[in-house]
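Colleague: Structure provided below as structure tokens; questions to follow.
Read-outs: derived from the displayed coordinates by stated rules, not from any lab. Here the structure is a predicted model, which means the values were calculated and not measured. When we count neighbours, we look across all protein chains shown, and the Cβ atoms used for this are built from the backbone with ideal geometry, even at glycine.
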Amino acid sequence: MHNTLTYYNMLTKRSSNTIALFILLITMFSCDNYTQEANKITLSIEISGDNKYDEVRLQKVNSDYSIELVKTGNFQDKTLEFEIFVSESTLYRLDFIGRSSIDIILNDTDVSVLINDNEGLFKYDIEGSPDTNILRSISSKISDYRSEIRELNIEFISANEERNIQLINSIRESVSFKKNQFELSLKEFLRSVDKSLAVLIFSDYLSIDENVVFWEGIYNSYFDEFKSNSYFINFENKLKKIKAVSVGSIAPEIILNDTNGKPISLSSFRGKYVLLDFWAAWCRPCREENPNILENYNRFKDQGFEVYQVSLDRNKEDWLKGIEQDKLPWINVSDLKYYQSEAAVLYNINKIPSAFLLDPNGIIIAKNIELRGINLTKKLSEIFN
């Protein structure tokens, strides 16, 4: 599955000796959101060990995933202090150039970072920032889960090479079970901790789109305390956008040009069940899914099933070639703007393939994984048979 770049992707691509917390932030905020009075705090860093550190950078992690340099400093007798003004609970990063980094949440109290770098093992403790400790706990849980999945992936590759169908199916069931158990456990933990920016930061890891009810609960419980916090405002805006294209909502209108330059509206297919599918010719998983969509289209088209496919291609020739190669007979539209497509932005598309099934009234009745592979056939069979 093809994804747009996220802060989580950026973190996981950093070097192996980087202590990176798995952090996903929300969308960009405006300076107008800052109404709180700034508090002056001291961030103290003390290090033990024989390794020498040059410049240390204090960076602010903005909610659009960008990194803003705040201050730089150097250790004096293995200690360093930064004095900064903080107006709200905010995510920062201490970047030890060429060595490692620490993500930390600062509020209105002084914070101490105690680093033990003996024998080249970069370990640290945080005092004065309970939010950072929550952030670390969440990250640790995610890291443990990812390790378990990696082990299963290794087993899966081996089973696939041996064509051991029974073992392949067993591993798939194990992955599905572990995913469900992990998400339940993570939700319970996020509910149980004190209200913290750390919870909001992970709203993109535990997908809002797939866990709307859970995140609505977080929103309601956090509102009074966090309503003026810029990260919360961005979380609120994202939640509203996702709810607008959730199951049960009326699908927002799309009007884009087809391959001949003729504008075609999504609403023009009212009265039919419509698969709204986002794809691109360069997306291999999309191309692999097209034969499945085609098979279902041929099976159910005479019963009132239609496909409205939105391409996120940037090159028209590539788009047309993909349609021709996959023999796609239905409506294909595009503005050739990649993930900046008006339709992609409207439907919060950050990975493809992505799909929505609309009923004859234009109401979304299923989306994404519910409409892939055999699931699409099962869903359409429930409707038409």
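Colleague: With the chain treated as a Gaussian network of Cα nodes joined by springs under 10 Å, which of S170, S63, S230 yields the largest mean-square fluctuation?
Modeller: S170
Colleague: Something else: Can you give the FRET efficiency to the nearest 0.05 for K262 and K123, using r as the Cβ-Cβ distance and R₀ = 51 Å?
Modeller: Efficiency, from the Cβ-Cβ distance: 0.25.
Colleague: Would you order D64, D224, D318, D326 from fewest to most other beta-carbon atoms within 10 Å of each residue's own beta-carbon?
Modeller: Listing D64, D224, D318, D326 from fewest to most nearby Cβ atoms yields D224, D64, D318, D326.
Colleague: With both bridge residues required to lie in the stretch 246-385, what share of the DSSP beta bridges run antiparallel, to the nearest 5%?
Modeller: 55 percent
Colleague: Moving to a separate point now. Tabulate in residue order the Karplus-calculated ³J(HN,Hα) for the stretch 324-331, using 6.51 cos²θ - 1.76 cosθ + 1.60 with θ = phi - 60°, rounded to whole Hz; enter x for Gly and Pro.
Modeller: 3J(HN,Hα) across the stretch 324-331, in whole Hz: 5, 5, 8, 6, 8, x, 8, 5.
Colleague: Just flag the GluC sites (Glu not before Pro) in the stretch 264-340 sitting in loop per DSSP whose Cβ has no more than 10 other Cβ atoms within 10 Å.
Modeller: Taking the stretch 264-340 and a limit of 10 other Cβ atoms within 10 Å, no loop GluC sites (Glu not before Pro) are found.
Colleague: Please state the relative contact order of the stretch 92-139 as a whole percent: Cα pairs under 8 Å, 6+ residues apart?
Modeller: 29 percent
Colleague: Taking the alpha-carbon distance from K123 and a cut-off under 16 Å, which aspartates and glutamates remain once sequence neighbours fewer than 8 residues away in the same chain are dropped?
Modeller: Here the aspartates and glutamates satisfying the reach criterion relative to K123 are E46, D50, D95, D103.
Colleague: Additional query: How much of the DSSP beta bridge set in the chain is antiparallel, as a percent to the nearest 5?
Modeller: Within the chain, antiparallel bridges account for around 75 percent of the total.
Colleague: Let me ask something else about it. Tell me which of F96, L294, I254 sits at the most positive position along the dipole axis of the chain, charges placed on C-beta atoms (Lys, Arg +1; Asp, Glu -1).
Modeller: After comparing all options, I get L294.
Colleague: Given labels modelled 7 Å from the Cα in the Cβ direction, how far is it in nm from N164 to K337?
Modeller: 5.0 nm
Colleague: Around V70, what is the net charge, scoring Lys/Arg as +1 and Asp/Glu as -1 over all other residues with Cβ under 9 Å from its Cβ?
Modeller: +2
Colleague: Now, a different point. Among the listed pairs K272/K379; K272/K367; K178/K379; K40/K71, give every one whose C-alpha distance is greater than 21 Å.
Modeller: Pairs exceeding the cut-off: K178/K379.
Colleague: Could I ask something else about it? What is the Cα centroid distance between the stretch 282-342 and the stretch 351-381, reported in whole angstrom?
Modeller: 15 Å
Colleague: I've got another one for you. Per-residue HN-Hα couplings for the stretch 303-314, Karplus 6.51 cos²θ - 1.76 cosθ + 1.60 at θ = phi - 60°, whole Hz, x for Gly and Pro?
Modeller: With coefficients 6.51, -1.76 and 1.60, one gets 9, x, 10, 9, 10, 10, 9, 10, 8, 9, 5, 10 Hz.
Colleague: Given H placed 1.01 Å from N in the peptide plane, which residues other than close sequence neighbours of I331 have an amide H under 5 Å from its amide H?
Modeller: V307, Q309
Colleague: Going by C-beta contacts inside 10 Å, put F356, F75 in order with the fewest on the left.
Modeller: Final ranking by Cβ density, sparse to dense: F75, F356.
Colleague: When the helix-only estimate is applied to the chain (DSSP H runs of n ≥ 4, each -39,500 (n - 2.57), divided by the residue count), what is the mean residue ellipticity at 222 nm, nearest 500 deg cm²/dmol?
Modeller: Estimated from H runs of four or more residues: -12000 deg cm²/dmol.
Colleague: Continuing with this model, one more query. ³J(HN,Hα) across the stretch 218-234 via Karplus (A = 6.51, B = -1.76, C = 1.60, θ = phi - 60°), whole Hz, x for Gly/Pro?
Modeller: Those phi angles translate into 4, 4, 5, 6, 8, 4, 4, 7, 10, 4, 9, 6, 5, 5, 5, 4, 5 Hz.
Colleague: While we're on this one: Based on alpha-carbon atoms only, what is the radius of gyration of the stretch 255-384 relative to the globular estimate 2.2 N^0.38 Å?
Modeller: 0.96
Colleague: Here's a follow-up. Would the stretch 115-228 count as rounded, prolate or oblate if I go by the C-alpha gyration tensor, calling it rounded below 1.5 in a/c and otherwise prolate when a/b exceeds b/c, oblate otherwise?
Modeller: Oblate.
Colleague: Next question. What number, in percent, do you get for the relative contact order of the chain if the mean sequence gap of Cα pairs under 8 Å and at least 6 apart is divided by its residue count?
Modeller: Dividing the mean separation by the residue count of the chain yields 15 percent.
Colleague: Report the Cα centroid-to-centroid distance between the stretch 150-200 and the stretch 229-276 in angstrom, as an integer.
Modeller: Each part's Cα centre sits 30 Å from the other's.
Colleague: How are the alpha carbon pair distances in the stretch 59-112 distributed across 5 Å bins from zero to the largest one, expressed in percent?
Modeller: Calculated P(r), rounded to whole percents: 4, 15, 28, 30, 15, 6, 1, 0.
Colleague: Taking other Cβ within 10 Å of each residue's Cβ, how do S246, S129, S185 sort, fewest first?
Modeller: S185, S246, S129
Colleague: Which of the trypsin sites (Lys or Arg not before Pro) found in the stretch 92-175 are loop residues per DSSP with 13 or fewer other Cβ atoms within 10 Å of their Cβ?
Modeller: Passing both the DSSP loop test and the Cβ count: R163.
Colleague: If each of N153 and N51 carries a label point 7 Å out from its Cα toward its Cβ, how far apart are those two points in nm?
Modeller: The modelled label-to-label distance comes out at 2.6 nm.
Colleague: Further, regarding this structure: Please tell me which of these pairs span more than 20 angstrom C-alpha to C-alpha: K141/K179; K241/K351; K262/K337; K243/K378?
Modeller: K243/K378
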